[in-house]
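Student: A single structure is presented below for examination.
Please treat every number below as a calculation from the coordinates, not as lab data. Quantities reported herein were computed from a predicted structural model and do not represent experimental measurements. Every residue, glycine as well, gets a Cβ built from its backbone with ideal geometry; the counts of neighbours run over all protein chains shown.
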Amino acid sequence: MSTLDGLADQLIGPTAGKVVRVTTSVLELGLILVLLIVWLAISQPGSLGFIESGPGWTDVWLATTVLFVISAINPLVTLFRPTWTRFRVALKALVDFGLVVVLIWSLALGSWVILSDPSTATSDEAAVVDGINTIIRISIAITIVMSALSGALEVRRFRQIQRLAA
C-alpha cells in the first residue's frame, strides 16, 4: 500500500476500497500534474543575477520531463484499469530506476548552477554557487538511495505478484 493509499484510508476509511483507490489516483495525478506544470514553467532558466543554469540541470531537463510524464500513467491506469497491478508495479519500478539513472547522470555532469560571468564574480558569489551545488549534490545523493530502495521494493512486490498468479 502506498503512502497516498494510507492517507486516503485515514481520511475516507478502510472499508471504502474503491473510493480510496479513486481518491488516491486523483490526488496522485493532481500532484504529478502540478509538479509537471511547475517544472515546465521553470524550464531551463537563463541567467538570474550572477547565476545561470549549469549542465547538471540543462542536460537532464528533457529526460526528467519524460519521467514526469511516464509517472502520470500509473494513476491513470489505477483509475481506468485497477486490475492491472503487475503493470503498475512494473511501471513504478521503471520510473524509480529511471530516476536513479537520470540523477546519476546529473551528478556526473556536475554543476547545477554556474556563475554567469566567472571573470567578474566576487568570492562571495562563487561561495554561493558552491553552496547551492553542494546542497543539490547532497539532495540528489539522498534521492538516489531512496529511489533505488523504492525500485527494489517494487521489483520484490512484482515477483510476489508473479508467484501468486502462477
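Student: With springs only between Cα atoms under 10 Å apart, run a GNM on the chain and tell me which of A121, A93, A141 wobbles the most.
Tutor: A121
Student: Could you give me D for segment 17-166, from Stokes-Einstein at 37 °C and 0.692 mPa s, where the hydrodynamic radius is the Kirkwood radius over C-alpha pairs? Units µm² s⁻¹, please. List each step's numbers first, then the result.
Tutor: Numbers: Rh = 17.5 Å.
Roughly 188 µm²/s, to the nearest whole number.
Student: Pairing the Cα long axis of helix 17-42 with the longest principal axis of the chain, what angle in degrees results, from 0 to 90 and rounded to the nearest 10?
Tutor: Compared with the principal axis, the helix lies near 20 degrees.
Student: Assign unit charges at the C-beta atoms only (+1 for Lys and Arg, -1 for Asp and Glu), then state the dipole size of the chain relative to its Cα centre in Debye, rounded to the nearest 20.
Tutor: 1300
Student: Run the numbers on the chain and let me know its relative contact order in percent, using alpha-carbon pairs under 8 Å that are six or more apart. Don't jump to the answer; show the numbers that get you there.
Tutor: Numbers: 160 pairs, mean separation 41.6, N = 166.
Rounded, it is 25 percent for the chain.
Student: Go ahead and run the numbers for FRET between F87 and S139, Cβ-Cβ distance against an R0 of 22 Å, rounding to 0.05. Don't jump to the answer; show the numbers that get you there.
Tutor: Working: r = 30 Å, r/R0 = 1.39.
That gives a FRET efficiency of 0.10.
Student: Another question about this same structure. Just from its helices, what would the mean residue ellipticity at 222 nm be for the chain, if runs of 4 or more DSSP H residues each count -39500 (n - 2.57) and the sum is divided by every residue, rounded to the nearest 500 deg cm²/dmol? Don't skip to the answer; put the middle values down first.
Tutor: On the way: 7 runs with 127 residues, N = 166.
-26000 deg cm²/dmol, from helical runs alone.
Student: Stretch L33-D59 to full length: gain in nm at 0.36 nm per residue minus the Cα-Cα span?
Tutor: Details: separation 26, 0.36 × 26 = 9.36 nm, distance 2.21 nm.
My answer for the length gained is 7.1 nm.
Student: Just how large is the dipole of segment 74-166 about the Cα centre, in debye to the nearest 20, putting +1 at every Lys and Arg Cβ and -1 at every Asp and Glu Cβ? Please list the in-between numbers first.
Tutor: On the way: 9 positive and 6 negative charges, 236 e Å.
Its charge dipole is roughly 1140 debye.
Student: Oh, and also: What is the set of long-range amide H partners of I51 at a cut-off below 5 Å, with H atoms built 1.01 Å from backbone N?
Tutor: Excluding prolines and chain starts, which carry no amide H, the hits are S116.
Student: Further, regarding this structure: Of L62, I114, A165, which is farthest towards the positive pole of the chain's charge dipole, taken about the Cα centre with +1 and -1 on the beta-carbons of Lys, Arg and Asp, Glu respectively?
Tutor: A165
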